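Accompanying notes for the structure given below.
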Amino acid sequence: MTRAEALRILGLPKGATFAEIERARKDAVKKFNVDHRQTLEPHIRELVEEKFKQVNMAFDFLKSEFQATR
C-alpha cells in the first residue's frame, strides 16, 4: 500500500495532517461498522466489512509512516 492509496481510501487530499487522518478514520469507522448495521443483507454486509478492513489497514499504514518520521 502506498500513501496515496491509503489517503484515497480515507477520502483525504495528498497533504493531509495526522489529525485529519485520525478524524477521517473515526468517521469511516462509524460509517462502516457492521455492528451498528444488523439488518444488512449478507452480500452487502460482506462489502461493508471489506471496506471497514480497508479503512483500518490504511490508517495503520499512515500511522506507522507518521511514527517512523517522528
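Key figures
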| read-out | value |
| --- | --- |
| Matching residues, the range 47-64, being open to solvent by 100 Å² or more (accessible area, probe 1.4 Å) and either closer than 20 Å to Thr2 by Cβ or in contact with a Gly (Cβ under 9 Å, 6 or more places away or on another chain) (or both) | Lys53, Met57 |
| Number of positions in the range 13-46 that are of a type outside the set (Lys, Arg), assigned to a helix (DSSP H, G or I) and surrounded by fewer than 13 Cβ atoms within 10 Å (Cβ to Cβ) | 7 |
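The values are calculated or read from the model by the stated rules, or taken from the named source; none is laboratory data. Bear in mind that the values here come from a model prediction, so they are computed numbers and not experimental data. Every residue, glycine among them, receives a Cβ derived from its backbone with ideal geometry; neighbour counts consider all protein chains shown. Keep in mind that these areas ignore ligands, DNA and RNA; they rest on the heavy atoms of the full protein, side chains included. Shrake-Rupley method; radii C 1.70, N 1.55, O 1.52, S 1.80 Å.
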